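Quick note: the coordinates plus some simple rules give every number you see, no bench work behind them. Just so it is clear, the structure is predicted and the values come from calculations on it, not from any experiment.
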Amino acid sequence: MWGAFTRLMIIRYADVNYQLRRPDVLANKVVALRFLALPLLFVPGVAIGIGGLAILLGGENAE
């Protein structure tokens with residue numbers, strides 16, 4: 001019984017495949033994508049949309 005936890009941790013943390021697919025790490029990646037990547041895609045998308053509208057609407061008045 002003594003050292004069972006230590007052996008388990010040595011086996012788990014020495015396994016590279018386990019480290020790449022750990023459930024807690026995957027959950028953290030999903031949270032990071034939700035709170036970081038989606039807003040980072042939203043802000044440039046809005047800027048491009050506003051810029052496109054400005055070009056379309058401003059082009060008629062410039063001539």
**Request:** Measure nothing but the geometry: give the 0 to 90° angle between the long axis through the Cα atoms of 38-62 and the longest principal axis through the Cα atoms of the chain, rounded to 10°.
**Result:** 10
**Request:** May I ask you to work out the translational diffusion coefficient for the chain at 25 °C, viscosity 0.890 mPa s, via Stokes-Einstein with Rh from the Kirkwood sum over Cα pairs, reported in whole µm²/s?
**Result:** 152
**Message:** Helix-only mean residue ellipticity at 222 nm, the chain, DSSP H runs n ≥ 4 weighted -39,500 (n - 2.57), per residue, nearest 500. What is it?
**Reply:** -25500 deg cm²/dmol
